[in-house]
1. How many nm is it between the label spots at residue 87 and residue 108, if each spot is 7 Å from the Cα in line with the beta carbon?
2. Have a look at 109, 137, 69 and tell me which one the Gaussian network model of the chain (Cα, springs below 10 Å) gives the largest fluctuation.
3. Between residue 29 and residue 11, 0.36 nm times their residue separation minus their Cα-Cα distance comes to what?
4. Computed from these coordinates, which is mean projected area of the Cα convex hull in nm²: [x] 8.2; [y] 12.1; [z] 10.0?
5. Taking 22 Å as R0, compute the FRET efficiency from the Cβ-Cβ separation of residue 100 and residue 136 and round it to 0.05.
6. Quick check: the angle from helix 97-121's long axis to the longest principal axis of the chain, C-alpha only, nearest 10 degrees?
7. Over the Cα atoms of the stretch 45-107, what radius of gyration and what Dmax do you get, in Å?
8. Which of 121, 20, 103 moves the most in a Gaussian network model of the chain with Cα springs under 10 Å?
């Protein structure tokens, strides 16, 4: 493919993924969790414990914005903050049992919707292609542009 075709494909992918994300957000989730709060919970699930500064860097938000996010999550009982033993001024953030339960339920609601949609819309060959594409899309999602 040439550069123009690459850009056209990238544009089509961006539009399709954006619409799919909107569909996920439309699913009836019985919790008041913003997109950034949800991804913060997912990061804590993946990494078990992180410093607020690490979460801010991963989410690409300011320390102040992450502080607000963590305050909201703590107020809902979804996270725990534990002071570091060697420096009591710093805290490790982790999921609470309630946070892990809520994250699992949100993921399940959205996964069930997607499974139903795939079952209705896709044939066996398309399911195979989608299985391959999921890994490729994950690699793209994990890509960070090298800093110059």
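Each value in this text was obtained by applying a stated rule to the coordinates, not by laboratory testing. Bear in mind that the values here come from a model prediction, so they are computed numbers and not experimental data. Glycine also receives a Cβ, built like all others from the backbone with ideal geometry; neighbour counts cover every protein chain displayed.
1. 3.9
2. Top of the fluctuation ranking is 137.
3. Gain on extension, residue 29 to residue 11, equals 3.6 nm.
4. [y]
5. 0.15
6. Value to nearest ten degrees: 10.
7. Rg then Dmax for the stretch 45-107, in Å: 11.7, 36.
8. For the chain, modelled as a Gaussian network with Cα springs under 10 Å, the answer is 121.
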